[in-house]
Structures are given as C-alpha cells and as structure tokens.
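Heads up, the thing below is written out as structure tokens.
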Amino acid sequence: MYANVIIEYGNKAVDREFTYVIPNKYIGVIKIGHRVRVPFNNRLIEGFVLGITNEYKGDYELKEIDSLCDLEPILNEEMLYLGDEIQKEILCSKISIYQAMLPKALKAKHDTNIGIKMNRYIVSNVSKVELNDYINNCKYDNQKEILSEIIKNDRVLVKNLNSGINTLIKKGLIKFEYEEVNRYQGNVSGKYKIVKLNEDQEMVVESVNLDEFKPYLLYGITGSGKTEVYMELIDRVIKKGKTAIMLVPEISLTPQIVDRFMTKFGSEIAILHSGLNEYEKYDEYRKILSGKVKIVVGARSAIFAPLKNIGIIVIDEEHTSTYKQDSNPRYHARDVAMIRGKYHNAPVLLGSATPSLESFARASKGVYQLLTLTKRAGHGSLPKIEIVDMKEEARYGKFILSRILTEKIWERLRKGEQIILLLNRRGYSSMLTCRDCGSVIKCPNCDISLTYHKSSNTNRCHYCNYSIKNISKCPVCGSSNMKDYGLGTEKLEEELNKIFGARVIRMDMDTTSRKGMHEKIINDFGEHKYDILLGTQMIAKGLDFPKVTLVGVINADSSLNVPDFRSSEVTFGLLSQVSGRAGRSDLAGEVVIQTYNPDHYSIVYAKDHDYYNFYQEEMKIRKTLSYPPYFYITLVNITSRDYDLGFKEANKIGEFLRKNLLTDTRVLGPSMANVFKINNVYHYQCIIKYKHDEKLSDVLKKIDDVYKINPKVDVSIDVNPIRV
Ligand code: ADP
Ligand code: ZN
Ligand code: ZN
C-alpha cells in the first residue's frame, strides 16, 4: 500500500505530493487526512496524507512512512474538499491552505511543542464507609486530612504529590483522575441585556430560510440592531440541532460583541482570534472538534472552524478588508463561507452598514437577497454631521483642532459626556525634513519616510520596523535645522492634554501591543475613567458607549489620499462607521469631520448618511475606469532584491500575459508598486482586468510553475486584491 503525502518545505519548489510506502503496522490505520512523519532530504518532516493507493507505477525507489503524528486524521473530508475548491479560485499551494485552516499545534512541520494541559485530581476508589473506617484507625494526620477532603468534595486537585497521597494510592483507597484544561477563559461583563426584536428585525429574521444555501446581504445602518438579528438567527439554528459560525473583523477590537454572545449562549461558544496565544487557540480548537461547541465566534480564519452540521454562517461588517488574507494563501473569508454554505446547505448572511460595492452590486442583481434595516433599533437617532474645511481654519492658525470642534469638546466636557476622536496615523509626526537642503528622512530599507515616535524618542519605519534614535542632524548636509510635519496620535494626545486638561486615553497599535490592553482601554472608557478616547481606525468599529455624544474625525483625507481604486469606498465606510459611535442612547450625537477636501463625494454623502447615492456615484467611476465590480482584477506581484533582474523578469511576465490571454482582457504594466522598495526588496506588478477569461488560470499557473523554482525572483498572484 502507498500513501500520497503533501509536505511543506523551505524550498519553494516543493509543493506537491510524494509517494511513500505504508509500513505493514500502519495498513488499515493510516487514513486520508492523517498527519505523518516522512523522510525527506535526509531528515524527518511532517505532512498530510491526501491519498492511499494499491499500486505505484513510477520507478523511484520509495521510502517508508516513519510514523503517525496523531491518533485521528487532522484533515476531515470537508477540509480536503475546501482545499480543492479554494485552490481553484485563488491559485496557491494546497499545503498553504491546509496550514491556514489549523492552529499551530496541528500544522504540519510545526516547530513548537504545544500540548494538551491536564489537571490531576484524586478521587475515592472505595465506598465512603471504607474511607471513614480507615480514617478512624489511621494515625497519620496528613492521610486523614486528604481522605476527609475527598469525602467532603468528592475530588481534590493535586498540585504536588506527597507521601500521604502515594500511600493511599498504593493501598488502593484513592485513585487519580485526569481532566483536560481549557486555558482560554473568557469573561462576561453582565452589562448586556437581552432585548425583544422590533418588527423590522423580526421581518429580516423571517426572511432568512434556514434550510437551504443562499447568500443574503443585510444592509442596516449603524445601531439598527443587526447583531440582535444575528443572535436570533443563530439561536434558531442551535434549536434545530445545528451549529453556526459568526465572523467579526477582529475580536480583540470588538470585545463588546463577544460579551453579548457569551451572555446569551454561554458555554456553547468557542472564541478564535489573534488575541489568544497558541495554547488557548489549541484548546478552543479541540473544544470545537469535541462537538461541545455549537457556535464559533472569530476573525477571518475562524471560517475554517471544524464544526459539523453548520446551519448558518454570518459575516458582520462584511466590507472589512481584514477578511481577505494579505499573504499566502490569499483567500477571502466571504468566498470560503460561500463554499461551506453550499456544502452544508446553509444560508450565508453578510451584514454591514456600508456594504462593499461588490456585495451591494450582487444584491442589486439578485445574486444575494437584500435585507434592510433603516432605523436605529434602540434609543437614539443618527447623529448630525458637520464638515469643516481645514483650509479655512488654517487662516485662523488652526492646524490640528478646528475652532468648532474645540468648542464642542468643551461643551461635552462641561456636561460630563464623552468624546471619541479618530486620527488614522500613529506616532508623533509623519515626516522629518531638513530645512536647509530639503532632504526627507527615509527608511534605509524602504521607500517610506520615517515616523517620529516621541514616547520612545525614535524614528521608525512602519513597513519594516527599522528604528533609530531621533535624528537631530541632517544626514545629508549636517544641518541641525530639522522640522517635522504631519500629525500623529501621539501629538494629538499631547495637544488635547495641553488645551483641555481632560482625561485622555489613546488607542493605537503602540498602546495596545500588550495582551489585554484593548479590553482594558475599552472597559476603562466605558466606565468613564476617561473623557476622550482618541485613536486610529481601531476605534471606529463596533463600540457602543451610551455617553459618547461627540465624534471628531481629525483628518478625513488620510484614507482618501491613498493611491488605490477603493480609497473613496474606504473613506466613506470609515466615516460612516466612526460616526455611528455617536448618539447611541437617549443623548443626541454629533459628528465633526475635518478635511481639506470638503466637496469630495465620499465625504459629502457620508455627511448625509446616504449610502445609496454614494454607491451610485462610485459605481459610475468604477465603470469608467474598468474596476470591480464591473471587471475582475488579478494582480501579479513580482519581487526581487535585484532591481534590474526584477525589472527584466517583470517585463517578460507582462509580455507573456499579453500574448496568451484573451484579447478582451487588459494587461497593465509592469509598473512599480505604490511602495516600490520594502525591506530592500523591489516590488513590480502587472494588473490584469477581465470580465471572463478561461485562459487566465492556466496562464497564471504556467508563470507560477516557472518562478517557483527561481531563487532570485518571486511571483505571487493575488486574485481579487484588496488594494491595487
Ligand atoms: P448594529 O449591530 O446594527 O450596530 P446592535 O445590534 O448593536 O446594532 O444594536 C444597537 C443598540 O440597540 C444596542 O445597544 C442594542 O442593545 C439595541 N437594540 C437592538 N435591538 C433592539 C430592540 N429590538 N429593542 C431595544 N433595543 C435594541
Ligand atoms: Zn540637510
Ligand atoms: Zn523600512
């Protein structure tokens, strides 16, 4: 008997199945999906069995499988099927897909030893009467104590062995008992109250057919009660004896959602997200495998949760870019959800206040069924939004906070209400230049200017993490006449402290890198230990603070100025999301948006809470420029440490694409990527735009095959990229 084993190995060339002989002792034991150790290049590595056959036609001398890694197969039938389907869509190595499905402890070739943690208990091995008899005749206090404790509590956790326990075990009076420990302990705040759905929510719930696969798009304004709808649908699914996946953009940013789910569903939930360490992830994963869990709440990779009998998949904030993985395998959780929905014959529900253009276009064409919630569910109404032209403010010497925003902040502070301020740039300032020679201080490894961080007094690269002690002299001309430009969250915090003397808390990547800090900041702000929460886009999502009545956007242009076809969509979404944080209770909310582009349609429509007109306008532009959803895009990234070689190979690839794809397909480039040099690697790209091209996947595969074995040039293919 032979097994086909897929392995992952440092060398790019190895992403294929290899045949091994199954030793006699494993015949009938090894199944498809098993993780095995096999000899490869004179060492043992791990891989997955993808096929078992009776004969072998090749003429290599085959090696034997060395050993099994686990008792049971790691990949089940559905996962193997998913691997096939995903590979068809995104053209990546199959092993990379399997690895993405698994927690580190179960990946092939993992380099840590993440085990199961067991607690050891002692329990009685005889009747209580016998224990009592023994106590009465025993002259050792420590033994008596142990037995009395067992009589009282039935079982006792053993932290350290001692001679008493050993003796009692030897005498057969007590025995050990083991139990797996779950290292992840979520906690429930108890603040969330279960509500009764309103008529609109009821209608949405009733519209979803739980007995067949169908995609739905729930377009509901912020605070319209989408989360309650998800919970009700999931509740119904559970009552039918099925299971559910609930995806959220990044749980550590939205602890309030987890809190609501834990309150309602308690121990039937597993949580999977990047805030857990690998031990906790492994425990949560095994909890799912054991069938004890009915609901998985998690970020992108939770879409692979090994639940059986799925009854619904919900993707909240479906427009969020983090649902697409930006390294290999570049899958989109939405696409995987559709495959799994079909497999289980279950509905897939996408929800958003600002749906992606792709999803709304599909809903408009009836590919997804559109459901809507147009009113706020609880108290409160949509906030009034005001746009401030910062060009005007500059004439009054205001560069950070406009006059009106300053005044409104004062007003809230006086009333004892709270304020959220969004500034999508961390650090102190964004650029350091020399006033004498005009040099801009750049990262030596990247094509990016360094950001000054005052708290550590360093200049840092946000791409490669390069950092140096703050530069006081120009490295080009030696002048000490240096000036920093641009505004980051650190500087804004300093400014707020200077002007208002209020209690200010900052939330960005720098203040939340330690585990649990997100939750702490959010909880503290919720308890009104602070008046002002300022932060990057991580504050825009999912937070619900009744006392927040003012939201300020400090620089709405930062997302608008990104050279990317989605920049308007991203800006509209971000402004709508962050505006939705204001006025979520009886207190009316207000929003102030500061911008240098007050007439830009994404800002004007965000002000009017007008998704529909924004959608129409943006669709016109996408059509004119042949962008999604009118055309599909695939990006071919060509990278090399060698500038000239990269250029030469990128041109070859461009030619090859043009020659071999259909004539209706457009190939742009090669061109230099937006950030051309990152960590001393040069990035070229070709953009392919097409409506339908049956040749594409073969052509891309040919390119991939060639560069897989090229040690100097890397090619990565990104189907439906998030950014171009
Ligand atoms: P979304 O997910 O659309 O932003 P949520 O589900 O978070 O909306 O609801 C917003 C607020 O309204 C929450 O505080 C929630 O408790 C409340 N809410 C939702 N549905 C109802 C309802 N039917 N009755 C009363 N309050 C509700
Ligand atoms: Zn200089
Ligand atoms: Zn860098």
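The values are calculated or read from the model by the stated rules, or taken from the named source; none is laboratory data. As the structure is a computational prediction, the values presented were derived from the model and not from experiment. Don't worry about glycine lacking a Cβ; one is built from the backbone with ideal geometry, like all the others, and counts go over all protein chains shown.
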- line: Every listed condition ((1) buried (at least 23 other Cβ atoms within 10 Å of the Cβ); (2) closer than 26 Å to ASP235 by Cα) holds for TYR331 save (2)
- prompt: Has segment 86-95 got any residue that is surrounded by fewer than 20 Cβ atoms within 10 Å (Cβ to Cβ) and over 30 Å from ASN720 (Cα atoms)?
  reply: no
field: Within segment 589-638, tally of residues that are hydroxyl-bearing (Ser, Thr, Tyr), surrounded by fewer than 20 Cβ atoms within 10 Å (Cβ to Cβ) and assigned to a strand (DSSP E or B)
entry: 1
field: Residues located in segment 296-342, provided they are touching a Leu at 6+ places or on another chain (Cβ under 8 Å) and of a type in the set (Phe, Trp, Tyr)
entry: PHE304, TYR323
task: Would you point out which residue out of LYS415, LYS491, LYS442 is in contact with a strand residue (DSSP E or B) (Cβ under 9 Å, 6 or more places away or on another chain), in the same structural domain as LEU587 (by TED's automatic domain parsing) and either under 29 Å from THR571 (Cβ atoms) or of a type in the set (Phe, Trp, Tyr) (or both)?
output: LYS491
- prompt: Since ASN42 meets every condition but one in (1) crowded, with 17+ Cβ neighbours inside 10 Å; (2) out of contact with any strand residue (DSSP E or B) (no Cβ under 8 Å at 6 or more places or on another chain); (3) free of Cβ contacts under 8 Å to residues at least 60 places away in the same chain; (4) not charged (D, E, K, R), which condition does it not meet?
  reply: (1)
Filtered residues of segment 665-675 (kept if under 29 Å from the mean Cα position of the chain (by Cα) and buried (at least 16 other Cβ atoms within 10 Å of the Cβ)): MET672, ALA673
statement: When ASP259 is run through (1) more than 22 Å from the chain's Cα centre (by Cα); (2) crowded, with 17+ Cβ neighbours inside 10 Å; (3) of a type outside the set (S, T, N, Q), the failure sits at (1)
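Considering only segment 280-293, state which residues are part of a helix (DSSP H, G or I) and over 25 Å from GLN256 (Cβ atoms).
Within segment 280-293, TYR282, ARG286, LEU289 meet the criteria.
Could you identify the single residue in VAL129, VAL123 that is more than 16 Å from ligand 2 (Cβ to nearest atom), in contact with a helix residue (DSSP H, G or I) (Cβ under 8 Å, 6 or more places away or on another chain) and of a type outside the set (Ser, Thr, Tyr)?
Details: VAL129 fails: in contact with a helix residue (DSSP H, G or I) (Cβ under 8 Å, 6 or more places away or on another chain).
Selected residue: VAL123, the only one of VAL129, VAL123 that is more than 16 Å from ligand 2 (Cβ to nearest atom), in contact with a helix residue (DSSP H, G or I) (Cβ under 8 Å, 6 or more places away or on another chain) and of a type outside the set (Ser, Thr, Tyr).
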Segment 376-408: number of residues that are farther than 16 Å from VAL551 by Cβ, of a type outside the set (D, E, K, R) and touching a residue at least 60 places away in the same chain (Cβ under 8 Å): 6
- prompt: For residues in segment 171-220 being assigned to a strand (DSSP E or B) and either surrounded by fewer than 12 Cβ atoms within 10 Å (Cβ to Cβ) or more than 16 Å from ligand 1 (Cβ to nearest atom) (or both), which is modelled with the highest pLDDT?
  reply: PRO215
Matching option when the condition is at negative phi and either of a type in the set (Phe, Trp, Tyr) or free of Cβ contacts under 8 Å to residues at least 12 places away in the same chain (or both), among ASP705, ASP693, ASP714, ASP718: ASP705
- prompt: Looking at LEU68, is it outside the structural domain of LEU289 (by TED's automatic domain parsing) and either of a type in the set (S, T, N, Q) or under 23 Å from ARG330 (Cα atoms) (or both)?
  reply: no
- request: For segment 460-482, name all the residues that are among the polar types (S, T, N, Q) and within 16 Å of ligand 2 (Cβ to nearest atom).
  value: ASN470, SER472, SER479, SER480, ASN481
message: Going by what's in this entry, would GLY552 be described as within 16 Å of ligand 1 (Cβ to nearest atom) and either surrounded by fewer than 18 Cβ atoms within 10 Å (Cβ to Cβ) or in the same structural domain as PHE399 (by TED's automatic domain parsing) (or both)?
response: no
message: Of the residues SER626, SER640, only one is polar (S, T, N, Q) and closer than 28 Å to PHE360 by Cβ; which?
response: SER626
query: Does ASP698 satisfy being in contact with a Leu (Cβ under 8 Å, 6 or more places away or on another chain) and either charged (D, E, K, R) or part of a loop (DSSP other than H, G, I, E, B) (or both)?
result: no
- request: Among the residues of segment 17-39, count how many are in a loop (DSSP other than H, G, I, E, B) and touching a residue at least 40 places away in the same chain (Cβ under 8 Å).
  value: 6
- prompt: Among the numbered criteria (1) touching a residue at least 12 places away in the same chain (Cβ under 8 Å); (2) part of a helix (DSSP H, G or I), which single criterion is violated by PRO73?
  reply: (2)
field: Complete set of residues in segment 143-168 that are free of Cβ contacts under 8 Å to residues at least 40 places away in the same chain, β-branched (Val, Ile, Thr) and either assigned to a helix (DSSP H, G or I) or out of contact with any helix residue (DSSP H, G or I) (no Cβ under 9 Å at 6 or more places or on another chain) (or both)
entry: ILE146, ILE150, ILE151, THR167
message: Going through LEU421, LEU450 one at a time, which residue ends up being assigned by TED's automatic domain parsing to the domain that holds THR536 and either within 16 Å of ligand 2 (Cβ to nearest atom) or under 27 Å from ILE522 (Cα atoms) (or both)?
response: LEU421
message: Just to be sure before I move on: is VAL237 in the same structural domain as ILE315 (by TED's automatic domain parsing), within 12 Å of ligand 1 (Cβ to nearest atom) and crowded, with 16+ Cβ neighbours inside 10 Å in the structure I sent?
response: no
